[in-house]
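The structure under discussion appears below in the form of structure tokens.
The values are calculated or read from the model by the stated rules, or taken from the named source; none is laboratory data. Computed from a prediction, not measured in an experiment: that's the story for all the values here. Cβ atoms come from the backbone with ideal geometry, glycine included; neighbour counts cover every protein chain shown.
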């Protein structure tokens, strides 16, 4: 995991003792391949340790392997892993808080918001009792994320500000990276674009300083969304491309699907319709290969536009149904195709006013282009 996400090294448990068996890996691709090959074995080890001990093995694997499972979309495996850690740590408040927070993040990804909130509130109470200020800020951030995902943006800002105040009070500059990014996301949803840009740029600077690649990708990707709202379409495309490069380097599959969708949105707004179609198709193909996101593909409907007096449209335009939108807002990312396939209706210069897709596209674009995701941690 040090190869895939070096910026999060300070958040992981200490390395194994010197007499442990170490696997030498040449780089990030080798690391990803090893994790994929050993996926079942690692989960089996964690499950065995949860039942038979030592408990430290399960909690260590939960802390180290959990973020990877989330990034590649193995949410149910991650939830099982964290639940095992919660059982294994017994009455250890610190260990229970870590496991509860980790489970809360996965419940949020699964759209199970009441359970997510309950787990984070329980973790916050434990962390306050033992005086873990870094952990308190983390839990406050996660509670802010729930508000953000459920449309309570002012409440999200309040939680993020509480977290940021704690982090500044204790000098946790690395932790401020994600909180500043989350504040930028909340301000974007409140249409306070200048504040959004300010906080996201601060997050970007800190992410680069601490080598937090996920935080960096989220900051620049969210900047791309804000620039799109500000009608700075070329800047929006550039920022999404930067985010995509980082996600490709670190193997963040769900992040790539989200960014490809957002990049397609930006290309539509910039009038680059074929690029929008290409990005949509790539996102759709990736979603088919990503656990948990496959379910969203069952909600994608195909629409063949009928246009009497316009140039022939490509054979198929993909739209996500209203139900898929609702599922998407509760899912891991802006997955599948979003509304980008709508660009196909006018990719050859036809008059938009004659297309039956206009009103659908406008509604879909308004929803899709505003999707913005928080950082966890």
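How many of the residues making up region 251-277 are under 17 Å from residue 217 (Cβ atoms) and out of contact with any helix residue (DSSP H, G or I) (no Cβ under 6 Å at 6 or more places or on another chain)?
3
Checking the conditions here, which among 248, 201 is surrounded by fewer than 22 Cβ atoms within 10 Å (Cβ to Cβ) and either touching a helix residue (DSSP H, G or I) at 6+ places or on another chain (Cβ under 6 Å) or closer than 30 Å to residue 288 by Cα (or both)?
Result of the check over 248, 201: 248.
Tell me which residues, restricted to region 101-120, are touching a helix residue (DSSP H, G or I) at 6+ places or on another chain (Cβ under 7 Å), surrounded by fewer than 24 Cβ atoms within 10 Å (Cβ to Cβ) and without any contact (Cβ under 8 Å) to a residue 24 or more places away in the chain.
115, the sole residue that qualifies.
Go through region 259-287 residue by residue and tally those that are crowded, with 24+ Cβ neighbours inside 10 Å and either under 22 Å from the mean Cα position of the chain (by Cα) or modelled with pLDDT under 90 (or both).
14
Tell me, which residue of region 46-62 that is surrounded by fewer than 21 Cβ atoms within 10 Å (Cβ to Cβ) and within 27 Å of residue 136 (Cβ to Cβ) is modelled with the highest pLDDT?
Once the filter is applied, the top-ranked residue is 60.
Hey, among the residues in region 77-99 that are closer than 14 Å to residue 139 by Cβ and surrounded by fewer than 24 Cβ atoms within 10 Å (Cβ to Cβ), which one's farthest from the chain's Cα centre (by Cα)?
Applying the filter and picking the extreme gives 93.
Scan 305, 291 and give me the residue that is under 19 Å from the mean Cα position of the chain (by Cα) and at pLDDT below 90.
None of the others qualify; the one that does is 291.
Conditions: (1) touching a helix residue (DSSP H, G or I) at 6+ places or on another chain (Cβ under 6 Å); (2) modelled with pLDDT of 95 or more; (3) within 22 Å of residue 205 (Cβ to Cβ). Residue 97 meets all but one. Number of the miss?
The one condition residue 97 does not meet is (3).
Residue by residue through region 196-238, note down the ones that are assigned to a loop (DSSP other than H, G, I, E, B), at negative phi and under 19 Å from the mean Cα position of the chain (by Cα).
212
Considering region 17-45 alone, what residues qualify as being surrounded by 16 or more Cβ atoms within 10 Å (Cβ to Cβ) and at pLDDT 80 or above?
35, 39, 42, 43
Output yes when any residue across region 160-178 is touching a helix residue (DSSP H, G or I) at 6+ places or on another chain (Cβ under 9 Å), more than 25 Å from residue 237 (Cα to Cα) and not in a helix (DSSP H, G or I), and no when none is.
Checked against the condition, which is being touching a helix residue (DSSP H, G or I) at 6+ places or on another chain (Cβ under 9 Å), more than 25 Å from residue 237 (Cα to Cα) and not in a helix (DSSP H, G or I), region 160-178 yields at least one hit.
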